[in-house]
Amino acid sequence: MQERRSQAERRSGTRAALVSAARSLFAQNGYAGTGTPEIVQAAGVTRGALYHHFADKAALFATVVEEEHMLLAMAINAATEGEDEPGPVKALIAGGDAFLDAMQDKGRRRILLVDAPAVLGRAAVDEIDGRHGLRTLVEGVTAAMEAKAIRELPALPLAHLLNALFDRAALAPPEEVNDYRKAIKALIRGLKI
């Protein structure tokens with residue numbers, strides 16, 4: 001006998017299917033090249049189910065962007081926690097490397113660095129990033145300053161500038177990413193006291 005799922009489980013499953021299908025299609029075709037009929041077909045649900053969970057395609061896209069930022073932050077945190085007491089500068093570099101590794105996914109780059117600012121606007125993307133990747137970068141910069149490993153500077157502007165460096169490096173052609181890594185590492189090491 002098959003066990004019945006609760007209404008909450010069905011809702012959660014439908015929402016997850018929509019987000020997963022949308023992520024795949026947005027990554028492959030971009031926001032503009034993806035329609036809601038393709039999303040619901042790929043998710044195996046009705047248009048009514050889509051609009052029950054999301055106000056519109058932009059709201060679904062915002063959820064995909066939020067999840068991608070969360071996954072990036074998790075990858076960065078895992079990289080910086082990988083060694084016993086790696087040191088705050090080494091942690092900043094490891095976090096940057098983890099970001100660049102995760103951003104080698106062309107679909108993720110398209111979603112986060114090309115479509116998200118165009119569709120959601122810079123302020124909304126910054127707000128989402130502030131809850132995830134930028135937050136971890138501010139924490140890393142602050143920890144490095146508190147440990148007297150780098151110069152005392154305003155933490156938020158420094159984190160924003162480093163974030164912009166990482167984003168630019170992520171957009172570089174694959175054969176140039178290692179050059180960007182070297183340059184960013186040199187800049188971070190240049191902050192040392």
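The values are calculated or read from the model by the stated rules, or taken from the named source; none is laboratory data. Predicted model, so just to flag it, every value in this text is computed and none were measured. Note that we place each Cβ from the backbone using ideal geometry, even for glycine, and neighbour counts take in every protein chain shown. Surface accessibility is based on the protein's heavy atoms, side chains included, excluding ligands, DNA and RNA. Shrake-Rupley method; radii C 1.70, N 1.55, O 1.52, S 1.80 Å.
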Using the heavy atoms of the protein chains alone and a 1.4 angstrom probe, what is the accessible area of the chain per residue in square angstrom? 55
Which order do the peptides 23-31, 170-178 come out in when sorted by mean C-beta neighbours inside 10 angstrom, highest first? 23-31, 170-178
If you put +1 on each Lys and Arg Cβ and -1 on each Asp and Glu Cβ, how big is the dipole of the chain around its Cα centre, in Debye rounded to 20? 360
About its Cα centre, the range 80-193 carries a charge dipole, from +1 on Lys and Arg Cβ atoms and -1 on Asp and Glu Cβ atoms, whose size in debye to the nearest 20 is 340
Expressed in µm² per second, the diffusion coefficient of the range 19-119 from the Stokes-Einstein equation, with Rh the Kirkwood radius over alpha carbon pairs, at 25 °C and 0.890 mPa s, is 166
Sorted by chain and number, the residues with a modelled amide H under 5 Å from that of residue 150, at a separation of 5 or more or across chains, are 145, 193
Taking a ≥ b ≥ c as the square roots of the Cα gyration tensor eigenvalues, with a/c under 1.5 meaning rounded and otherwise prolate when a/b beats b/c or oblate if not, the range 85-175 comes out oblate
I need the Kirkwood Rh of the chain: take the reciprocal of the average 1/r across all distinct C-alpha pairs and report it in angstrom. 18.2
Peptides 41-54, 105-118, 133-146 ordered by average Cβ neighbours within 10 Å, highest first: 133-146, 105-118, 41-54
Listed residue pairs exceeding 27 Å between alpha carbons, taken from 57/185; 148/185; 106/192; 106/148: 57/185; 106/192; 106/148
With unit charges on the beta carbon (Lys/Arg positive, Asp/Glu negative), name the residue among 188, 136, 117 whose Cα is farthest towards the positive pole of the charge dipole of the range 112-193. 188
For residue 8 paired with residue 58, estimate the spin-label separation in nm (one decimal), with each label point 7 Å from Cα along the Cα-to-Cβ line. 3.2
Protein accessible area in the range 112-173, 1.4 Å probe - carbon and sulfur %: 63
Rounded to the nearest 20 debye, what is the charge dipole size of the range 35-147 about its Cα centre when +1 sits on each Lys and Arg Cβ and -1 on each Asp and Glu Cβ? 600
